[in-house]
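**Q** Shown below is the structure under consideration.
Just so you know, all these numbers are worked out from the coordinates, no wet-lab data involved. No experiment lies behind these values; they were computed from the predicted model shown. Cβ placement follows ideal geometry from the backbone for every residue including glycine, while neighbour counts extend to all protein chains displayed.
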Amino acid sequence: MSLAKTYDIRNKMLLTAQGSLDTLISSPSAEYSGITLGQIAAMVGTPQATDKAKAAFVIPSTYRAHDGRNHATQREHGEYWMLAVDVDKGSPEQDELLNAVRSITGDAAALIYSSAGAKAENRKWRVLIPLAQPLTGAEYIDAQLALFDLMQSDHGIECDAALSRTGQPIYLPNVPPEKRDFDGSPAFYSSAKHRGEGYLVVKDSRIWAKAEFRAEQAEIAEQQAAAMRQKRQAARDEMRQKIGDDVDPVAEFNERHVIGDLFLKYGYERQGQSDSYRSPNQSSGSFATKDFGTHWVSLSGSDANAGIGQCKTGDVTMAWGDAFDLYCHFEHSGDMKNAVREYAKELRPNDYAAQREQIMQEAMSKSQDHSLNDFDFVPPEPQPEQTHSGIIIPNEDRKPIFWIKDAQPVLRSSYLIKNWLGRAQMSVIYGPSNVGKSFFCLDMAFCVAAGIEWQGAKVRKGPVLYLATEGGNAFQSRCVALREEYGMSDVPLAVRPSPIDLLRPDVDLASLIKLCQDIEHQLGEPLAMICVDTLSRAMAGGDENGAVDMTAFISNLDALREATGAHIMIVHHSGKDTAKGARGHSSLRAATDTEIELEVDQGIRKATATKQRDLEPQEPIMFVLKVHKLGVDEDGDDVTTCTITEADEDDVAEMNQKKPTGVNQKAIVAAFKQLRGEGVGGENPTGAGWPEARKFWCIDEEELRKFTMGKMTSTNASSAYTTALNALISNGYMVQNEGKIWVSAKEGRVR
């Protein structure tokens, strides 16, 4: 279907004629002007050139009455003919964004254009997706949120959730005058009109399937929350009967407080006059928390991760609770016992019978789910322990103390790879995609299994199990290359090339421990290292950024480490902001003993220990990937793989070398290259102050000066030249000796 097609006048979408967000129609008899899809498409080709405050925007609904800017009114009366995406983060390429939209919409038509705040180095986009059939306001919200979910989960592209609001304006293509060149051309603007397979039929797409799934999640969440509330209340009633207490602090609080009032007190945003709220923890635009009067349910992963109320992850991630759960989280940092104790003091300040503790502990010990009954009654305050000369006397079940006079130095280190990895610890090796993480970790694993030095560091030998969750059969080739590289084949390194779930303890953990025990039985010695490559695949769809899933994952790794005594190495990815380290929840770094970051620059990789809990951090290791040809495939093409090898010192020096900056430095370098191309100068001699004979091309400094100054535009060319040359020499890019100049980088070499 052609994008030139326009809807008839009844289907014109709402557009404020002035374009100002402050311009509202006050007369009930007036209405906003409209715009057709064809007119919008024309703007995509030729964007407006006006101040942002005056730029035109659209609400993709045909309801254009005087109250058309009202969210609630549009939700009730609106008829929506487009979906929209606003991307302000991550700076994706245009093709990357368009391909993501195409994959989700089934290659439907789309208009894409850079926003007014976009720059070449910080790309921001809007995408408009025309619909073959309109959506109601409620359907529009569901479809928008489902679209944003798919963009994030499938392609890692974060969309501004504000566009899920029914009355949210969407700015049309515009490049303000201040962001245009002297001739009026945009300093940066990019757009595309993708015809695809025609207009999107939302209810036949993945978007609607996702929306329906979200609705099913909400229903399941409410059913599960209701069942758990009944179980929780039964446990409270049983305990109160055993203790003979006629006052339940939690029940009293819930009687005296309204959930809606607490939501507003604690910073929740209400959706109009509805019973839906947006949590202050949410980054999305959805109103994911619902007030049912006696209780609330949240489908926000942010709330579950924050630990508000009772939380559950898995098929449905949710949090739920009552008024007291909100009070506990926001005023007592989630410490339920302390919250109950403090509120109980308000109800009965002096009523703390010591015998309650014993009865409560007996009741709790009979329950398998302590989360249901550990907060309704108040244990006595802990009694201080007896002391002697200021030293706490330990209980019998604690580890014995030692006195400082008896301390002895521990001279035997407990390393796996000396100064890099400790035995029975946990490490994380992280970096961006294609930096060589798997090659690096497999090399470490091979050296441990073989008992040979790794990058000059001593190694304690032991069997290794490598969990290659995403490499598949590629690891066969990598292992062959390692055998060739080290000239060893009988090495106790086992590779398991298949997916694994280490998030849910009841799935693969037991069988994995059994596999480790089988390897130990077969080899007659326990595993020294288990490598998990990668974390994202081993979490089996879990939320890396969520505290609940990440702590569960770490807990299962701890169980694996406890059962095997092995060092656990995790291969992981860095986040979009590499300065913030490995992606995911902070609990991972807190649990990690060693953290190694991999980076790449000009083909040279660098491994840096960014955290060492017990070991002394070492100098970074510089390495490159060495290509191995293993044979040819059925089409006669080479089959290759890589191993790591130490980087050449000259290559490392060049990578670390500062490059020319500023127009004057670049002018000198350009002049040098032009003179060399014309054959001016010659190869360097040998002797004091000179490099190896005939290694670099040299030019007389005076000749370079005369040639360069003729190309410089500075008012004081001589001074500018001298300053720029001194800077190039001081940063090592150029070298001067006996009146001659040469470029020290590889590009300056003769051979």
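**Q** Using only the alpha carbons of segment 44-169, determine the length spanned along each of the three principal axes and report them from longest to shortest in whole angstroms.
**A** Result, largest extent first: 40, 34, 22 Å.
**Q** Quick one: length gained pulling Leu630 to Arg496 fully straight, 0.36 nm per residue minus the C-alpha distance? Can you show the working numbers first?
**A** Values: separation 134, 0.36 × 134 = 48.24 nm, distance 2.14 nm.
Length gained, Leu630 through Arg496: 46.1 nm.
**Q** For segment 625-751, place one equal point scatterer on every Cα, skip the solvent, and apply the Debye formula. What is log10 of I(q)/I(0) at q = 0.10, 0.22 Å⁻¹?
**A** -0.43, -1.29
**Q** In nm, to one decimal, how far is the modelled label at Lys193 from the one at Ser718, with both set 7 Å along Cα→Cβ?
**A** 6.0
**Q** Below 8 Å, C-alpha to C-alpha, sequence gap of six or more: please give me the relative contact order for segment 687-751 in percent. Spell out each step's value before the answer.
**A** Working: 58 pairs, mean separation 30.1, N = 65.
It comes to 46 percent, rounded to a whole number.
**Q** Do any of Lys119/Lys711; Lys89/Lys437; Lys179/Lys673; Lys179/Lys666 go past 29 Å between their Cα atoms, and which? Before the final figure, lay out the partial values.
**A** Working: Lys119/Lys711 31 Å; Lys89/Lys437 26 Å; Lys179/Lys673 35 Å; Lys179/Lys666 27 Å.
Among Lys119/Lys711; Lys89/Lys437; Lys179/Lys673; Lys179/Lys666, the Cα-Cα distance tops 29 Å for Lys119/Lys711; Lys179/Lys673.
**Q** Provide the gained length on full extension for the span Thr640 to Val507, in nm with one decimal, where the gain is 0.36 nm per separating residue minus the Cα-Cα distance. Could the numbers behind the result be given before it?
**A** On the way: separation 133, 0.36 × 133 = 47.88 nm, distance 3.53 nm.
Gain in length upon complete extension: 44.3 nm.
**Q** Next question, about the same structure. With a point put 7 Å past each Cα toward its Cβ, work out how far Lys746 is from Thr136 in nm, to one decimal.
**A** 6.5
**Q** Next question. For segment 524-545, list residues with backbone N below 19 Å from a point placed 7 Å from the Cα of Glu485 toward its Cβ?
**A** 529-534
**Q** Residues in segment 539-577 near a label at Ser586, defined as backbone nitrogen under 16 Å from the 7 Å Cα→Cβ point?
**A** It comes to 545-548, 550-551, nothing else.
**Q** Compute the distance in nm between two label points, each set 7 Å from the Cα along the Cα-to-Cβ direction, one at Ile404 and one at Glu678.
**A** Here the modelled spin labels are 7.7 nm apart.
**Q** List the residues, sorted by chain then number, that are 5 or more residues from Met734 or on another chain and whose placed amide H is less than 5 Å from its amide H.
**A** Long-range HN contacts for Met734: Ile729, Ser744.
**Q** Still on this model: Please work out how much length the chain gains when fully extended from Ser103 to Val663, using 0.36 nm per residue of separation minus the C-alpha to C-alpha distance, in nm with one decimal.
**A** So the extension gain works out to 197.2 nm.
**Q** Could you list the residues of segment 47-76 with an amide nitrogen less than 20 Å from a label point located 7 Å from the Cα of Ser29 in the Cα-to-C-beta direction?
**A** 64-68
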